[in-house]
Amino acid sequence: MNAFAYVTARSAESAMESVRENGRYLAGGIDLLGQIKEGLTEPARLVNIKELPETGEILPGKAGWRIGANVTLDTLTRHPELRQRFPALAQAADDVGSPQMRVVATVGGNLAQHSRCWYYRHRDVQCLKRGGSQCFARGGMNKYHSLFTGCRCLSPCVSNLAVALAALDARVVVRRAKKTDTLTLAELFSAAWSNAKVHHSLAPSDLILHIELPVQPAVGSVYQQLSERSAFDWALVSCAVSGRLDKGRLRNVRMVLGAIAPTPWEVKAANTSLEGAEPTDAQFEKAAERLLREAVPQEHNGYKIPQARALVRRSLTRLVLSLQGTA
Ligand SMILES: Cc1cc2nc3c(=O)[nH]c(=O)nc-3n(C[C@H](O)[C@H](O)[C@H](O)COP(=O)(O)OP(=O)(O)OC[C@H]3O[C@@H](n4cnc5c(N)ncnc54)[C@H](O)[C@@H]3O)c2cc1C
């Protein structure tokens with residue numbers, strides 16, 4: 001057991017000050033405490049951020065909602081108005097792990113969680129992400145890994161919320177240095193695309209404060225995932241879609257895939273291919289093909305391509321049915 005100090009921060013500034021010397025923010029602890037127990041990290045200080053003001057609330061608004069970083073996943077799933085207005089987000093939260101975990105795990109922690117790659121999570125393996133020189137998933141056991149990446153690391157982003165929030169055009173409000181930045185989900189993860197050593201674009205002292213969700217009239221949303229087990233498991237592939245119907249034609253569709261790239265995976269050309277289109281199986285198939293066209297399967301993860309195509313078709317079908325009021 002390694003000794004560490006434990007402090008409870010009462011303001012964002014004091015949290016950021018406290019975390020600077022080899023500290024880590026502690027929210028629900030589902031990811032961080034696991035890492036400490038497995039000997040993957042040895043922080044000198046745990047900075048409890050659960051007492052930070054205004055980070056535990058969901059604030060509905062006419063133009064947009066604000067969801068605090070410390071809101072638990074369980075709270076997201078149980079909020080009736082949120083379920084109705086942002087079904088993809090509620091479903092994505094619902095599909096995380098187990099009920100016991102969702103009661104504890106937070107929005108901020110889910111977005112900032114570290115890679116689940118089994119090489120990264122093995123205390124005796126010094127992989128690329130942990131400062132080594134090699135990605136052992138390349139040419140190794142890569143069943144759960146990425147179909148797309150801009151660097152040598154094959155570890156995918158497995159945050160359910162990242163996928164749903166990207167499809168909902170959310171923003172992540174982050175306190176960093178002396179300013180507050182508002183990031184898209186693509187920006188929150190863009191650094192992991194090109195830098196094998198990071199999990200997201202946050203520096204160690206950057207603090208997620210809350211999420212901003214725009215209210216888009218008549219827009220529906222759906223989240224679905226495929227996993228090996230129906231509970232207590234990560235997605236092999238996940239998919240969130242949002243959009244609306246106007247006189248029977250699709251408008252403003254956004255499709256985002258998860259667990260297949262270090263970022264939530266979105267292709268603009270695939271989205272625009274559905275603009276004004278009739279919602280038919282053939283259109284859905286074409287859009288899915290565009291979304292996955294550049295995929296580079298590894299030896300053991302090629303199965304993710306047909307899974308992802310099926311998920312895109314299913315999610316779009318479900319979206320249309322829900323917009324037509326029949327699902
Ligand atoms: C068995 C199991 C199954 C799981 N299945 C899924 C799944 O299907 N889908 C999924 O998405 N996740 C899954 N998870 C991961 C789980 O959702 C995350 O570990 C959890 O959401 C983390 O939230 P937390 O509040 O416990 O974070 P913590 O463990 O407290 O923190 C996680 C990381 O985020 C940082 N952090 C926390 N809050 C902030 C903040 N506000 N600003 C900046 N950094 C912050 C911490 O420093 C730490 O590095 C699973 C985990 C387990 C153990």
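Using a/c under 1.5 as the rounded threshold, could you call the range 53-96 rounded, prolate or oblate? The axes a ≥ b ≥ c are square roots of the C-alpha gyration tensor eigenvalues, and prolate needs a/b larger than b/c, oblate otherwise. Could the numbers behind the result be given before it?
Values: a/c = 2.24, a/b = 1.16, b/c = 1.93.
The shape class here is oblate.
Tally Lys and Arg at +1 and Asp and Glu at -1 over the other residues with C-beta under 15 Å from the C-beta of residue 13: what net charge comes out? Please report the intermediate quantities before stating the final value.
Numbers: positive: 10, 20, 175, 176, 178, 179; negative: 17, 51, 54, 206.
Neighbour charge sum, excluding residue 13 itself: +2.
Where nothing but the Cβ of Lys and Arg (+1) and of Asp and Glu (-1) is charged, how large is the charge dipole of the chain around its Cα centre, in debye to the nearest 20?
Working: 41 positive and 30 negative charges, 62 e Å.
The calculation lands at about 300 debye.
What accessible area per residue comes out for the range 1-122, rounded to a whole number of Å², with a 1.4 Å probe? Kindly include the intermediate steps, with their values, before the conclusion.
Values: 5970 Å² over 122 residues.
Per residue, the range 1-122 has an accessible area of 49 Å².
Work out from phi, with θ = phi - 60° and the Karplus expression 6.51 cos²θ - 1.76 cosθ + 1.60, the ³J(HN,Hα) of each residue of the range 207-223, listed in order in whole Hz, and give x for Gly and Pro.
Residue by residue, the range 207-223 yields 10, 6, 9, 6, 10, 10, 10, x, 8, 10, x, 6, 8, x, 8, 9, 10 Hz.
Quick one: order 106, 8, 326 from most to least accessible surface, probe 1.4 Å. Display every interim value, and only then the final one.
Details: 106 5, 8 50, 326 100 Å².
From most accessible down to least: 326, 8, 106.
Return one whole number: the accessible area per residue of the range 145-252 in Å², for a 1.4 Å probe. Display every interim value, and only then the final one.
Details: 4210 Å² over 108 residues.
Ligands and nucleic acids excluded, the result is 39 Å² per residue.
Taking every pair of Cα atoms in the range 1-155, average 1/r, invert it to obtain the Kirkwood radius, and report Rg/Rh to two decimals. List each step's numbers first, then the result.
Numbers: Rg = 17.8 Å, Rh = 17.5 Å.
Rg/Rh for the range 1-155 comes to 1.01.
About its Cα centre, how strong a charge dipole does the range 129-272 have in debye, to the nearest 20, once Lys and Arg get +1 and Asp and Glu get -1 at the Cβ? The partial results should precede the final answer.
Details: 18 positive and 9 negative charges, 54 e Å.
Computed charge dipole of the range 129-272: roughly 260 debye.
For residue 129, list the lysines whose Cα falls under 17 Å from its own Cα; do not include residues on the same chain fewer than 8 positions away.
197
Using +1 at the C-beta of Lys and Arg and -1 at the C-beta of Asp and Glu, which of 253, 223, 312 has the Cα lying farthest in the positive direction of the dipole of the range 211-327?
The listed residue farthest towards the positive side: 253.
Mind checking which lysines have their C-alpha under 16 Å from residue 143, skipping anything on the same chain fewer than 8 residues away?
In chain and number order, the partners are 304.
If you add up the charges near residue 92, with Lys and Arg at +1 and Asp and Glu at -1, over every other residue whose beta carbon is less than 12 angstrom from its beta carbon, what do you get? The partial results should precede the final answer.
Numbers: positive: 83, 102; negative: 94, 95.
So the environment of residue 92 carries a net charge of 0.
For the range 143-273, rounded, prolate or oblate, judged on the Cα gyration tensor with a ≥ b ≥ c (square roots of eigenvalues), a/c < 1.5 rounded, else prolate if a/b > b/c? Mind showing how you got there, number by number?
Details: a/c = 1.78, a/b = 1.19, b/c = 1.50.
Oblate, because a/c is 1.5 or more while a/b does not exceed b/c.
Counting Lys and Arg as +1 and Asp and Glu as -1, what is the net charge of the other residues whose Cβ lies under 15 Å from the Cβ of residue 144? It would help to have the intermediate numbers written out before the result.
Values: positive: 116, 121, 129, 138, 143, 229, 304; negative: 228, 233, 299.
Here the charged neighbours net out to +4.
Once the Cα gyration tensor of the chain is diagonalised, what are the square roots of 5 times its eigenvalues, in whole Å and ordered largest first, as equivalent ellipsoid semi-axes? Don't skip to the end; give the middle numbers.
Working: eigenvalues 203, 122, 51 Å².
Working through the eigenvalues yields semi-axes of 32, 25, 16 Å.
Expressed as a whole percentage, what fraction of the accessible surface of the range 87-234 belongs to carbon and sulfur atoms when a 1.4 Å probe is rolled over the protein heavy atoms?
On the way: 3350 of 6080 Å².
Here it works out to 55 percent.
Using a 1.4 Å probe and counting only protein heavy atoms, arrange 176, 66 so the residue with the most accessible area comes first.
Working: 176 45, 66 70 Å².
Final ranking, largest accessible area leading: 66, 176.
Return the loop-located GluC sites (Glu not before Pro) in the range 246-290 (DSSP other than H, G, I, E, B) with at most 15 other Cβ atoms within 10 Å of their own Cβ; answer none if there are none.
Values: sites: 266, 275, 285, 289; in loops: 266, 275.
When the GluC sites (Glu not before Pro) of the range 246-290 are filtered for loop state and at most 15 Cβ neighbours within 10 Å, 275 remain.
Would you work out if the range 204-318 is rounded, prolate or oblate? Take a ≥ b ≥ c from the square roots of the eigenvalues of the alpha-carbon gyration tensor; rounded if a/c is under 1.5, else prolate when a/b is larger than b/c, oblate otherwise.
Working: a/c = 1.72, a/b = 1.14, b/c = 1.51.
Oblate is the answer for the range 204-318, as a/c is 1.5 or above yet b/c matches or exceeds a/b.
The values are calculated or read from the model by the stated rules, or taken from the named source; none is laboratory data. Keep in mind the model is a prediction, meaning the values are calculated, not measured. So basically every Cβ, Gly included, is an ideal-geometry build from the backbone, and we count neighbours across all protein chains shown. Each accessible area value is taken on the protein alone, full model and side chains, heavy atoms only, with ligands, DNA and RNA left out. Shrake-Rupley method; radii C 1.70, N 1.55, O 1.52, S 1.80 Å.
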